[in-house]
Amino acid sequence: MTPQRWSALSMPLLFALAAAAQAQTPTDPEKLYESQCLSCHAPNRLGGMGPALLPETLVRLKPADAEKIVVEGLPATQMPAFGQLLSPEQIAALVSWIYTPSKLPPTWGAAEIAASRIVYSANVGLPAKPVFAADPLNLTLVVEHGDHHITVLDGDAMEPLLRFATRPALHGGLKFSRDGRFVYWATRGGWITKFDLWNLKVVAEVRAGINTRNLAASSDGRYLMVANYLPHTLVALDARDLSLVEVIPVVAANGKSSRVSAVYDARPRGSFIAALKDIPEVWEIAYDGKRARNVPGPGPLPVRKIKLDAVLDDFFFDQGYTRILGASRDRPKGQVVDIDAGRKIADLDLAGMPHLGSGTTWDWQGRRVMASANLQDGLITIIDMGTWKTVKTLRTQGPGFFMRSHENTPYVFADVFSGPHKDLMHVIDKRSLEIVADLRPEPGKTSTHTEFDRHGKYALVSIWDRNGALVVYDAATLREVKRLPMNLPVGKYNVWNKTRLSEGTSH
Ligand code: DHE
């Protein structure tokens, strides 16, 4: 029975039916799953309308929280409340079972990927002209986690143009075509979406994995590369229609397979660079044979494997895309890898858990420096990208997640993501390397992730709360100019900053 039909029944009848169902329903979790969950979460727990329910995909959800969701349902999703229908014992058995490995190894190969593809043909071939008057290069997309939506903001007026629903659990950077017309994103459940930003329409969707990390878009506009945790694959898609180009198994020479930490486009190299989580290797996958001269191999997307001393969980490119700065969760030091030479060239003095992918760079006293927040400790490390030495360590009021800046502002915004000061946003002066201001946009609520408009005039900060907001600051005076209510907003992506590779943000 659907949740909608339940609500049409009278309460006493509902309770009587629920009691009868509880008495009849078995406590065997597999049978419970078949009768109650399979229609949305799919056979073999691979996920369908609802997410996959496997230990590999549930790492971020505590069993107690999973139990709460089963009992109460999940607002703004199709997940109904089972608290009246199943007994506490049945719910406990079910929850404990979804945290055990599946008997059948979860598979998501070429056939499943191809079968999942949806092309919205009415939205294909629409005019190459924006349907709105706002500057298309100054649009900012805001991801709202609370009810799984994206808001498209006019970056000059700071007014929403459109708010639309996405598939659940969108994570990581949105990636744009170079003209800014198309935007691509991935959900943790493996769904990839292509959206036409000029016509404000979804063009196509495909499920490229069961548990996906992120995606990269090639700068020649031809390919998307999807990094998966489950299965252990990189998946290349045709950026035009999301059709499958190739599934690349991520396996080392000794046969050991690996999750992919992340994949990024290296524009000047004509290649994708992927870091692996379980094998100490970085892979370069060439999509432009002319530019990527040192990537030999057959097929349209040959792979070059660079061996390292340690796995990389997170990394950052230098401006020339010849070196990457990498960090491993279980190693006290970071490493600098020269991609051309194919080896580590320096260690980085980075303690704790630096979040390099969310760092920022700028010129300081004639040198290029890079700053990274730390997910474990209240410190920010600023590194000279010529000598690879730390030039300054700043103590902050707690662990941080994102550091963001823009060419046209002297400031870096660095959030305090957790702990008692999670409502603070530090403002660092790029000239003095000192914290010069603390913003507290909403006392008690986490403030996080800053993005600038294309001109660097406004800094947009997320209040990460279901009753949250997007707070717009004047980037020069640091005064609040506007506040738009939003539901758990997190990442924000300005078309200009992302397509022009602004030095203050990630790409
Ligand atoms: Fe993210 C980007 C990894 C948890 C919000 N995050 C990324 C990227 C990686 C990453 C590799 C770069 C992707 C890209 O740009 O293509 N994130 C991780 C983790 O390893 C970590 C710590 C744990 C995990 O389970 O994945 C993690 N991330 C989170 C969150 O808890 C956040 C705050 C909320 C969420 O979405 O789950 C979060 N991550 C973000 C955002 C970006 C991101 C908003 C894009 C930032 C940008 O400006 O590009």
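Quick one: with all protein chains in place, what share of the accessible area of segment 251-340 is carbon or sulfur, to the nearest percent (1.4 Å probe)? All intermediate terms of the calculation are to be shown ahead of the outcome.
Values: 1810 of 3530 Å².
Ligands and nucleic acids excluded, carbon and sulfur reach 51 percent.
So how tilted is helix 88-98 from the main axis of the chain? Cα-based, degrees 0 to 90, rounded to 10.
40 degrees
Give me the Å³ per residue figure for the convex hull around the C-alpha atoms of segment 285-425. Can you show the working numbers first?
On the way: hull volume 18.7 nm³, N = 141.
Normalising the Cα hull of segment 285-425 by residue number yields 133 Å³.
For segment 164-224, which whole-number percentage of the solvent-accessible area (1.4 Å probe, protein heavy atoms only) is attributable to carbon and sulfur atoms? Provide the component values of the computation, followed by the final result.
Numbers: 830 of 1600 Å².
Exposed carbon and sulfur together represent 52 percent of the surface.
State, to one decimal in nm, how far the label point of Lys103 lies from the label point of Asp474, with both points 7 Å from Cα in the Cβ direction.
6.7 nm
Could you work out what % of the accessible surface of segment 353-507 is carbon and sulfur, using a 1.4 angstrom probe and leaving DNA, RNA and ligands out of the count? Working shown, then result.
Values: 2760 of 5640 Å².
In segment 353-507, the share of accessible area belonging to carbon and sulfur is 49 percent.
How far is helix 63-72 tilted, in degrees, relative to the longest principal axis of the Cα atoms in the chain, given as a value from 0 to 90 rounded to the nearest 10?
Helix 63-72 sits roughly 50 degrees off the main axis of the chain.
Quick one: putting +1 on the C-beta of Lys and Arg, -1 on the C-beta of Asp and Glu, what dipole do you get for the chain around its Cα centre, in Debye to the nearest 20? All intermediate terms of the calculation are to be shown ahead of the outcome.
Details: 58 positive and 52 negative charges, 172 e Å.
For this selection, approximately 820 debye.
Just name one of Ser405, His232, Ser96: the one whose Cα is farthest towards the positive end of the charge dipole of the chain (beta-carbon charges, Lys/Arg +1, Asp/Glu -1).
It is His232, whose Cα lies furthest towards the positive end.
What is the pair-distance distribution P(r) of segment 367-488, computed from all Cα-Cα distances in 5 Å bins starting at 0, with each bin given as a whole percent?
Reading the bins upward from 0: 2, 12, 22, 24, 20, 12, 5, 2, 1.
Based on Cα positions only, what radius of gyration and what Dmax would you give for segment 36-182, in angstroms?
For segment 36-182, the Cα radius of gyration and maximum Cα-Cα distance read 19.6, 57 Å.
With viscosity set to 1.002 mPa s at 20 °C, what whole-number translational diffusion coefficient in µm²/s follows for segment 72-122 from Stokes-Einstein and a Kirkwood radius over Cα pairs?
Answer from the Stokes-Einstein relation: 146 µm²/s.
Can you work out ³J(HN,Hα) from phi for every residue in segment 384-399, in order, using Karplus 6.51 cos²θ - 1.76 cosθ + 1.60 and θ = phi - 60°, giving whole Hz and x for Gly and Pro?
Here the 3J(HN,Hα) series is 6, 7, x, 9, 6, 8, 6, 8, 7, 10, 9, 7, 10, 8, x, x Hz.
Does anyone have the angle between helix 11-24 and the longest principal axis of the chain? Alpha-carbon axes, 0 to 90°, nearest 10?
Taking Cα atoms only, the helix is inclined about 90 degrees.
On a C-alpha basis, how far is the centre of segment 172-232 from the centre of segment 423-455 in Å? Whole number, if you could?
Distance between centres, Cα-based: 29 Å.
Express in % the proportion of alpha carbon pairs of segment 247-365 at distances exceeding 22 Å.
Details: 2175 of 7021 pairs.
Summing the P(r) of segment 247-365 above 22 Å gives 31 percent of all pairs.
I'd like the distance between the alpha-carbon centres of segment 481-507 and segment 267-294, rounded to an integer number of Å.
Computed from Cα coordinates, the inter-centre distance equals 27 Å.
Percent of alpha carbon pairs in segment 28-68 separated by more than 11 Å? Walk me through the intermediate numbers first.
Working: 534 of 820 pairs.
Summing the P(r) of segment 28-68 above 11 Å gives 65 percent of all pairs.
Go through segment 26-83 and name the trypsin sites (Lys or Arg not before Pro) that are in a DSSP coil and have 11 or fewer other Cβ atoms within 10 Å of their Cβ. Walk me through the numbers on the way to the answer.
Details: sites: Lys31, Arg45, Arg60, Lys68; in loops: Arg60.
Filter output for segment 26-83: Arg60.
Counting only heavy atoms of protein chains, what accessible area per residue, in Å², does the chain have with a probe of 1.4 Å?
Details: 21150 Å² over 507 residues.
Dividing the accessible area of the chain by its residue count gives 42 Å².
Where the Cα atoms of the chain are projected onto their three principal axes, how long is each span, largest first, in whole Å?
76, 55, 51
How large is the convex hull of the Cα atoms of segment 436-507 per residue, expressed in Å³ as a whole number?
Details: hull volume 6.6 nm³, N = 72.
It comes to 92 Å³ per residue, whole-number rounded.
Could you tell me the distance between the Cα centroids of segment 56-74 and segment 325-383, to the nearest Å?
34 Å
The values are calculated or read from the model by the stated rules, or taken from the named source; none is laboratory data. Computed from a predicted model, the values in this text were never measured in an experiment. Heads up, the Cβs are rebuilt from the backbone with ideal geometry, glycines too, and the neighbour counts pull from every protein chain shown. The area values use the complete protein model at the heavy-atom level, side chains included, leaving out ligands, DNA and RNA. Shrake-Rupley method; radii C 1.70, N 1.55, O 1.52, S 1.80 Å.
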